[in-house]
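First comes the structure, then the notes that go with it.
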Amino acid sequence: MDFGRLTVTFLLLSFATSSLSERLIRMSTEDRGTSSVYSGVPSSRRNMDLLCESWKFSVETNDAGVWYTVPEKCVSFVNNYLNGERYRYDSEVIADYAIEYAKTVNIAGDGKDAWIFDVDETLLSNLPWYATHGFGSEVFDEDSFNKWVDLAEAPALPASLRLYNELQQLGFKIFLLTGRTESQRKSTDKNLLDAEYTNYESLILRATSDEGKPATLYKSEKRQELIDGGYRIHGSSGDQWSDLLGFAIGTRSFKLPNPMYYIL
């Protein structure tokens, strides 16, 4: 073995690896800029969009945990996202995956194969209201939102309506499980029917006994009641993790995008 040649080769490889590592580190630093992503303000719109895209990713994956309002610097980003093609395409892709899964379910034909939908930002869009309230950057105004609910004018989310209709054709029983209160049943029923969500098995709203419960607990208890009634929950669709987590969960869950608010 030629130890001299081996030594030279090793040194050359070490130098090349060190040089490449240094270049990669420098590239990473340059791409992020000199400001901290938490405390600094990016100097370009490109960096701001990247920052807000990363923030949205963190809240959608629940890595951000509990949060209360959209950061002021990301309001424009959220506006553009929700009113642009990306939100629609994201929703359509999720609906496609849900339909693909639903077609694999063996429907027993006994009327007990169930799918659960949340309502707000899942079947109905409250974007018209949020557009006048900072797209989630303002502290939630419950009284104002309740007046909006009473109008029963929230439009359907097209991808969700497509999924909803497909599931009914496949033979699923549809249950709507919402955090809205029993006092809002009339306006919610009207809004859903006007938006062409028809023939659902049941609209489940918060009763007086459910007030004050975290959404995760409340929705878990209602799902358990369905299971106790003999229903098999094959799928759940919701824009909040509290729609999907807890106990008595569906076999598959499908999380819709919502960078405007977070509900425990």
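The values are calculated or read from the model by the stated rules, or taken from the named source; none is laboratory data. From a predicted model like this one, the values you see are computed outputs, not experimental measurements. Note that each Cβ is placed from the backbone with ideal geometry, even for glycine, and that neighbours are counted across all protein chains shown. Each accessible area value is taken on the protein alone, full model and side chains, heavy atoms only, with ligands, DNA and RNA left out. Shrake-Rupley method; radii C 1.70, N 1.55, O 1.52, S 1.80 Å.
For segment 141-252, the alpha carbon convex hull comes to 115 Å³ per residue, rounded to a whole number. Placing unit charges on the Cβ atoms of the charged side chains and taking the dipole of segment 38-172 about its Cα centre, the candidate lying farthest along the positive direction among 58, 148, 115 is 58.
Rolled with a 1.4 Å probe across the full set of protein chains, the surface gives residue 141 an accessible area near 70 Å².
Charged neighbours of residue 133, selected by a Cβ distance under 13 Å, balance to -3 (K, R count +1; D, E count -1).
Between the residues 218, 200, 171, the greatest Cα displacement towards the positive end of the dipole of segment 112-220, with unit charges on the Cβ of Lys, Arg, Asp and Glu, is found for 171.
Among 198, 104, what's the order by accessible area (1.4 angstrom probe), most exposed first? Don't skip to the end; give the middle numbers.
Values: 198 55, 104 105 Å².
Ranking 198, 104 by accessible area, largest first, yields 104, 198.
Could you work out the relative contact order of segment 111-264? I mean the mean sequence separation of Cα pairs under 8 Å and 6+ apart, divided by the number of residues, in percent. Reported relative contact order: 31 percent. Taking amide H as placed 1.01 Å from N in the peptide plane, the amide H of residue 237 sits under 5 Å from that of 116, 117, 118, 254, each at least 5 places away or on another chain. All C-alpha to C-alpha distances of segment 113-192, sorted into 5 Å bins beginning at zero, yield P(r) values of 3, 14, 24, 24, 18, 11, 5, 3, 0 percent in whole numbers.
Charges were assigned to the Cβ only: +1 to each Lys and Arg, -1 to each Asp and Glu. The resulting dipole of segment 72-175 about its Cα centre is roughly 360 debye.
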